[in-house]
1. For the range 132-246, give me every one of the helices (runs of 4 or more DSSP H) that falls completely inside it and has 3 or more residues that are over 24 Å from the mean Cα position of the chain (by Cα) and at pLDDT below 95.
2. Assigned to a loop (DSSP other than H, G, I, E, B), at pLDDT 95 or above, charged (D, E, K, R) and open to solvent by 60 Å² or more (accessible area, probe 1.4 Å): is that true of residue 76 in this structure?
3. Looking at the range 74-98, which of its residues are aliphatic (A, V, I, L, M) and over 19 Å from the mean Cα position of the chain (by Cα)?
4. So how many residues does the range 79-108 have that are in contact with an Asp or Glu (Cβ under 7 Å, 6 or more places away or on another chain) and not in a helix (DSSP H, G or I)?
5. Does any residue of the range 103-116 turn out to be modelled with pLDDT of 95 or more and hydrophobic (A, V, I, L, M, F, W, C)?
6. Pull up the range 117-129, narrow it to residues that are buried (at least 17 other Cβ atoms within 10 Å of the Cβ) and assigned to a loop (DSSP other than H, G, I, E, B), then point me to the one that is modelled with the lowest pLDDT.
7. Condition first: part of a loop (DSSP other than H, G, I, E, B) and aliphatic (A, V, I, L, M). Now tell me which residues in the range 1-45 satisfy that.
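The values are calculated or read from the model by the stated rules, or taken from the named source; none is laboratory data. The model shown is predicted, which means the values in this text are computed figures rather than measured ones. Here Cβ is always computed from backbone atoms with ideal geometry, including for glycine, and neighbour counts include all displayed protein chains. Ligands, DNA and RNA are stripped out before the accessible areas are found, and what is left, the full protein with its side chains, is counted by its heavy atoms. Shrake-Rupley method; radii C 1.70, N 1.55, O 1.52, S 1.80 Å.
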Amino acid sequence: MEQVVTVGLDGSAESMAAARWAADEAVRRDLALRLTHAWILLSPPTPDSPAAEDQNHWAKQIVHEAHTELARLHPDLTIIDELVAEEPEKAMLAAAASSRMLVLGSRGLDPVASFFLGDIGLHAVGRAERPVVLVRPGREGDRGKVVVALSLHGPQDNLLEFAYVTAFTRGVPLYAVHGRKPERAHTLRGPDSGADQDLEQRARGELDDVLRPWRERFPRVRVIDEVYLESPARAVARAAADCDLLMVGRRRHPPALGPRLGPVVQAAVHHVTCPVAVVPHE
């Protein structure tokens with residue numbers, strides 16, 4: 001794995017928003033930035049062909065324009081240009097495998113609606129071996145809050161390490177969020193509020209058990225744990241409403257008959273407007 005953040009470029013405003021986000025993150029983590037554009041029809045130009053006749057001209061222009069802007073914003077950042085003669089889906093998976101993270105732009109159907117990812121984004125999110133970050137234009141700001149969504153079922157070390165490093169490099173608190181559907185117990189007088197209180201207390205204890213070793217490993221990161229008695233998908237959407245980055249986990253080996261992306265990841269990539277990092281874990 002190379003010490004780089006890779007961003008996929010296609011010449012759109014969404015991919016440039018992703019590139020700016022990726023450049024900022026590369027600077028925070030002291031990594032290089034790789035600008036990758038993939039097109040199956042790329043071919044070596046002939047030495048005597050003018051640029052206008054070079055079929056790679058527009059591909060080169062996309063990368064060059066991004067490189068120029070990002071070098072101006074971050075003069076000390078190492079930027080690597082890469083043109084890949086492959087289908088974008090295959091190229092992005094290969095780029096993710098050799099990078100610390102892959103960053104892609106996402107399109108919104110309207111200012112408040114869901115992501116429109118397309119085949120490339122969904123393919124990468126569901127199959128990449130490294131974290132994939134989805135960025136929408138206009139939500140790359142700095143609100144001083146990052147959120148990690150935790151299911152508390154099974155190991156999530158990759159997700160937690162990514163979350164703690166993210167909070168540490170940004171110098172901001174880490175909000176650890178867990179959602180759990182309430183147990184609708186009833187008495188003769190109606191819903192039993194005591195059952196919900198017991199459920200919340202148990203969930204907070206389990207969340208604390210998961211976070212304790214990471215608090216010891218990253219003592220300088222302030223962690224704020226939040227438990228919502230509602231569906232995990234709704235809890236994630238609520239917590240991400242005012243944050244800079246939402247981090248969610250994806251099982252690397254989902255059940256054979258189950259969906260590749262679980263309901264929390266689906267909710268995050270379709271309904272959350274801030275950047276979303278999908279981190280594969282066991």
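1. Output list reads 193-217.
2. It is true that residue 76 is assigned to a loop (DSSP other than H, G, I, E, B), at pLDDT 95 or above, charged (D, E, K, R) and open to solvent by 60 Å² or more (accessible area, probe 1.4 Å).
3. First, the residues of the range 74-98 that are aliphatic (A, V, I, L, M): 77, 79-80, 83-85, 91-97.
Selection gives 77, 79, 80, 83, 84, 85.
4. Taking the range 79-108 as the starting set, the residues that turn out to be in contact with an Asp or Glu (Cβ under 7 Å, 6 or more places away or on another chain) are 89, 96-99, 105-107.
Checking the rest, the ones that are also not in a helix (DSSP H, G or I) come to 98-99, 105-107.
So the count comes out to 5.
5. The answer is yes, given that some residue of the range 103-116 is modelled with pLDDT of 95 or more and hydrophobic (A, V, I, L, M, F, W, C).
6. Looking at residues that are buried (at least 17 other Cβ atoms within 10 Å of the Cβ) and assigned to a loop (DSSP other than H, G, I, E, B), I get 117.
7. 1, 9, 31, 40, 41, 42 - these are the residues of the range 1-45 that are part of a loop (DSSP other than H, G, I, E, B) and aliphatic (A, V, I, L, M).
Results for (1) more than 24 Å from residue 21 (Cβ to Cβ); (2) open to solvent by 70 Å² or more (accessible area, probe 1.4 Å), shown as yes or no for each residue.
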position: 199; (1), (2): yes, no
position: 212; (1), (2): yes, yes
position: 217; (1), (2): yes, yes
position: 223; (1), (2): no, no
position: 239; (1), (2): no, no
position: 248; (1), (2): no, no
